[in-house]
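The values are calculated or read from the model by the stated rules, or taken from the named source; none is laboratory data. Everything numeric in this text was worked out from a predicted model, so none of it was measured. Cβ placement follows ideal geometry from the backbone for every residue including glycine, while neighbour counts extend to all protein chains displayed. Areas reflect the complete protein model, heavy atoms only, side chains present, ligands, DNA and RNA absent. Shrake-Rupley method; radii C 1.70, N 1.55, O 1.52, S 1.80 Å.
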Amino acid sequence: MSAFSSVSSLDLRQIWGGVHGRVVHGDRLTLGVIELDAGTVIPEHSHEQEQLGICLTGSLAFRVGDETRELRPGDAWTIPSNVPHEVHVGPDGAVVIDVFAPARADWLDAPRAEPRAERWP
């Protein structure tokens with residue numbers, strides 16, 4: 001297996017309704033280029049993984065714990081382990097990069113989505 005890949009060569013996976021990801025798994029972390037459809041709501045949830053991310057395109061209303069922010073390209077977030085969070089995607093959708101540690105083993109079995117052109121880069 002090569003140490004290198006292209007985002008466009010990664011399988012598109014359905015993570016949630018309206019949320020698709022092109023994902024790279026390591027032994028101890030997961031990196032995803034996540035494509036969020038316009039108007040999608042990711043309901044409040046939490047997970048054991050620490051999560052770091054950055055918005056590449058579009059906009060999001062992101063709540064982490066009791067703090068809410070409108071995020072645009074270049075804005076980043078940090079979500080500690082087990083902290084509740086939710087996302088409301090803006091009218092143009094969004095593309096973000098999310099990194100999780102430890103790795104998201106649950107994403108290994110995420111169903112493949114119908115192929116489509118990547119929304120980033």
**Request:** Heavy atoms only, probe 1.4 Å: what % of the accessible area of the range 48-88 goes to carbon and sulfur, would you let me know?
**Result:** 49
**Prompt:** Taking a point 7 angstrom from the Cα of ARG116 along the C-beta vector, which residues in the range 14-34 have backbone N less than 17 Å away?
**Reply:** 14-23, 33-34
**Prompt:** Dividing the convex hull volume of the alpha carbon atoms of the range 63-119 by its residue count, what do you get in Å³ per residue?
**Reply:** 129
**Fill in**
Pseudo-spin-label distance ALA3 to ILE54, built 7 Å along Cα→Cβ, given in nm, is 2.1
**Asked** Given 20 °C and 1.002 mPa s, how large is the Stokes-Einstein diffusion coefficient of the chain in µm²/s, with Rh as the Kirkwood radius over Cα pairs?
**Response** 147
**Prompt:** Can you give the extra length, in nm with one decimal, that the chain gains between ASP106 and VAL83 once fully stretched, where that is 0.36 nm per residue apart less the Cα-Cα distance?
**Reply:** 6.5 nm
**Message:** Give me the 1.4 Å probe accessible area per residue for the chain, excluding ligands and nucleic acids, in Å².
**Reply:** 57
